[in-house]
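Please treat every number below as a calculation from the coordinates, not as lab data. In this text, all values refer to a predicted model and were calculated from it rather than measured experimentally. Quick reminder, even Gly has a Cβ in these numbers, built from the backbone with ideal geometry, and neighbours come from all protein chains shown.
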């Protein structure tokens with residue numbers, strides 16, 4: 001019932017609120033209430049509940065929330081404050097590639113419809129305060145007081161882990177630490193869920209019970225079990241909401257409260273009923289939670305454990321721990337593969353190793369939080385034991401992550417495969433119960449597999465060339481797959497500066513977060529040839545992330561070595577350290593795989609007087625009668641040279657130079673190439689105002705069919721050497 005209600009409710013939710021209008025390029029003034037404040041690699045991130053905008057001295061009502069990023073420094077406002085901000089509002093960023101993570105709908109489920117960046121705190125001022133609920137005010141006061149104590153402690157891995165486990169704040173964890181937790185298969189430890197809240201409840205329940213037993217009068221007059229259960233309710237609720245109240249934490253909170261309620265009423269506790277009640281209450285409060293990854297993983301883990309304990313009933317505590325680890329791993333593995341493209345095969349063993357340190361750490365964390373809440377000096381004293389254990393746990397996970405990385409399988413299951421696997425698991429339990437419906441279930445699974453297998457095979461089809469112009473925002477990344485199965489990646493996009501006039505870059509890597517997931521979904525585990533057209537950040541930076549994820553057999557570059565591009569030098573050092581062949585490519589270089597010929601047409605040599613753009617490698621792909629020209633960021637100077645000196649420029653498909661810049665796509669060059677189709681890789685709402693209207697007019701006047709990644713997402717080209725087919729992820 002809850003699932004049906006969630007699906008119906010979510011389907012009726014608009015993509016944007018009624019007040020949404022396309023943003024202008026000029027900053028706007030608006031007011032809102034600050035709901036959340038976190039520190040991220042790109043700056044301080046604020047979540048605002050918008051109230052109204054101020055236009056021409058009039059208040060225009062606004063609905064929805066906004067993600068506001070402060071790029072430098074800190075800001076003094078806190079959750080509960082009403083603020084006035086001046087910024088240019090934009091739609092949230094997303095990358096529309098096949099099987100992509102839909103960031104728009106993810107943010108919509110949180111009510112976030114807008115995003116904006118501000119340089120520093122001068123662009124935001126406090127205009128009032130708004131506290132809605134007592135619990136919210138208490139939690140905000142408690143967090144601020146605890147943060148004051150933590151601010152006086154020296155930064156180290158143990159403190160970062162304390163922030164994550166105590167306050168649900170993972171912004172202090174380094175990318176390396178998070179990666180080690182993920183590779184070890186214990187990343188769930190960083191998200192407050194059943195294990196954390198269950199340990200808190202268990203410790204306090206037995207603590208209160210033992211304290212009551214010291215009083216003979218109380219233990220005779222009242223039931224120690226019921227009084228202990230009643231007293232445990234407050235620390236459970238307090239910790240759940242202090243740590244951020246994520247879906248997994250709320251699910252655990254409800255299930256623990258159901259368990260405690262059963263003790264108070266003298267009723268038998270039933271895990272499946274508690275889980276169903278938790279799911280129903282969460283979905284009634286937020287129907288979109290059904291589509292949240294943490295919600296699905298949380299209930300998959302608990303559901304698999306409930307089924308496992310129905311089948312296997314270990315007598316020892318160690319046996320229960322083993323069954324819990326195995327069941328949770330098997331229950332979540334299909335979803336982990338689908339959402340995160342990797343399955344840590346050593347996760348069961350790693351969970352057994354860290355169980356005892358985590359069991360010791362969680363009570364110490366809670367004691368430290370209470371101490372910090374009572375007095376900063378007491379907090380510093382009581383937090384120290386938790387920091388020692390947290391540091392030990394961090395080093396242990398670093399070691400496990402190093403070894404666990406060797407057991408990580410890069411594989412992404414489709415929803416069809418996930419469904420079939422869960423049905424098979426459920427049928428396996430049915431065999432144990434000897435239910436009559438097992439035979440019918442097996443028949444249903446067999447039919448699903450028979451229907452699904454030809455469809456998957458039909459997607460692959462006969463051998464042909466496939467070219468995917470990936471949506472990487474403001475940048476380029478072109479994936480070529482030959483009929484023989486070879487893979488060529490030309491450029492890999494990159495995280496552009498947040499503001500073009502200031503050197504602020506994010507540690508978020510588009511190669512790891514956008515391109516790698518697409519490659520895994522396409523079952524591509526090796527890149528045979530990687531080509532960097534020129535050393536501009538939005539063309540090469542993604543390779544830094546890809547090199548850490550999968551093998552690349554060879555690199556071709558144009559040979560330019562710009563002094564100001566530190567990331568480019570770091571990339572070349574990484575290539576050399578991995579002993580990957582590196583070629584300084586020139587006109588005349590060529591390779592052929594499976595009937596697809598790749599030729600470098602330009603430049604013959606590096607012109608040091610020209611920009612990196614005008615030294616871009618120009619590449620021509622040819623598969624029988626079909627040809628494709630890829631031009632990098634060349635501008636008018638290079639286009640004129642190509643027009644004069646290169647004979648074979650005519651191509652059926654043409655990648656628009658320099659993202660549609662006015663200085664490129666000269667009419668004479670377009671007529672020399674004479675393409676039927678053109679593909680433009682350009683970012684949505686980019687800071688450069690691309691593509692230029694004059695360039696769009698040139699393509700229209702020349703009768704060239706234009707595809708754009710900002711409007712249509714990734715663009716897939718398929719060719720058997722005679723015909724060309726296009727497929728886009730989005731409609732215009």
- Task: Determine, at each q value in 0.07, 0.16, 0.17 (inverse angstroms), the log₁₀ of I(q)/I(0) that the Debye formula gives when each Cα of the range 138-410 is one equal point scatterer.
- Result: -0.26, -1.38, -1.52
- Message: What whole-number distance in Å separates the alpha-carbon centres of the range 565-629 and the range 693-726?
- Response: 23
- Note on the structure: For residue 127, placing the label point 7 angstrom along Cα-to-beta-carbon and taking the range 71-89, residues whose amide nitrogen sits under 19 Å are 76-89
- Message: With both bridge residues required to lie in the chain, what share of the DSSP beta bridges run antiparallel, to the nearest 5%?
- Response: 75
- Note on the structure: Per residue, the convex hull enclosing the alpha carbons of the range 465-728 has a volume in Å³ of 118
- At the level of C-alpha centres, the distance separating the range 43-94 and the range 673-689, in angstrom, is 31
- How would you rank 223-229, 684-690, 636-642, highest first, on the average number of other Cβ atoms within 10 Å across their residues? 636-642, 223-229, 684-690
- Equivalent ellipsoid, the chain (semi-axes from 5 times Cα gyration tensor eigenvalues, Å): 50, 31, 25
- So what's the angle, to the nearest 10 degrees on a 0 to 90 scale, between helix 347-374 and the longest Cα principal axis of the chain? 70
- Efficiency by 1/(1 + (r/R0)^6): what FRET value for residue 424 and residue 272, r their Cβ-Cβ distance, R0 = 22 Å, to the nearest 0.05? 0.60
- Note on the structure: Unit-weight point scatterers at every alpha-carbon of the range 106-219, Debye formula, q = 0.09, 0.14, 0.22 1/Å: log10 I(q)/I(0) is -0.45, -0.99, -1.31
- Work out, step by step, the length gained on full extension between residue 608 and residue 643: first 0.36 nm times the residue separation, then minus their alpha carbon distance; give nm to one decimal. 10.5 nm
- Pairwise centroid distance, computed over Cα atoms, of the range 221-240 with the range 180-208, Å: 19
- Under a point spin-label approximation (7 Å from Cα along Cα-to-Cβ), what is the residue 317-residue 106 distance to one decimal in nm? 3.8
- Point-to-point label distance, residue 54-residue 548, nm (Cα→Cβ direction, 7 Å offset): 4.3
- Message: If R₀ is 35 angstrom, what is the calculated FRET efficiency for the pair residue 78 and residue 513, using the beta carbon separation as r and rounding to 0.05?
- Response: 0.70
- Any chance you could give the angle, 0 to 90 degrees and rounded to 10, that helix 437-460 forms with the longest Cα principal axis of the chain? 20
- Burial order of peptide ranges 359-366, 335-342 (average beta-carbon count within 10 Å, highest first): 359-366, 335-342
- If you stretched the chain out fully between residue 237 and residue 120, how much longer would it get, using 0.36 nm times the residue separation minus the C-alpha to C-alpha distance? 38.5 nm
- Expressed as a whole-number percentage, the relative contact order of the chain with C-alpha contacts under 8 angstrom and at least six residues apart is 10
- Could the peptides 79-86, 164-171 be put in order, highest first, of the mean number of other beta-carbon atoms found within 10 Å of their residues? 164-171, 79-86
- Which value in deg cm²/dmol, rounded to the nearest 500, describes the helix-derived mean residue ellipticity at 222 nm for the chain, given -39,500 (n - 2.57) per DSSP H run of n ≥ 4 and division by the residue count? -14500 deg cm²/dmol
- Say each of residue 392 and residue 650 gets a label point 7 Å from the Cα, pointing the same way as Cα to Cβ; how far apart are those two points in nm? 7.6
- Query: Relative to the present Cα-Cα distance, how much length would full extension add between residue 280 and residue 265 at 0.36 nm per residue of separation?
  - Reply: 3.3 nm
- Roughly how tilted is helix 636-645, in degrees to the nearest 10 and between 0 and 90, from the longest Cα axis of the chain? 50
- Value of D in µm² per second that Stokes-Einstein yields for the range 155-299, Kirkwood Rh from Cα pairs, at 4 °C (1.567 mPa s): 78
- Based on the Kirkwood radius over alpha-carbon pairs, what value in µm²/s does the Stokes-Einstein equation return for the translational diffusion coefficient of the range 640-715 at 20 °C and 1.002 mPa s? 169
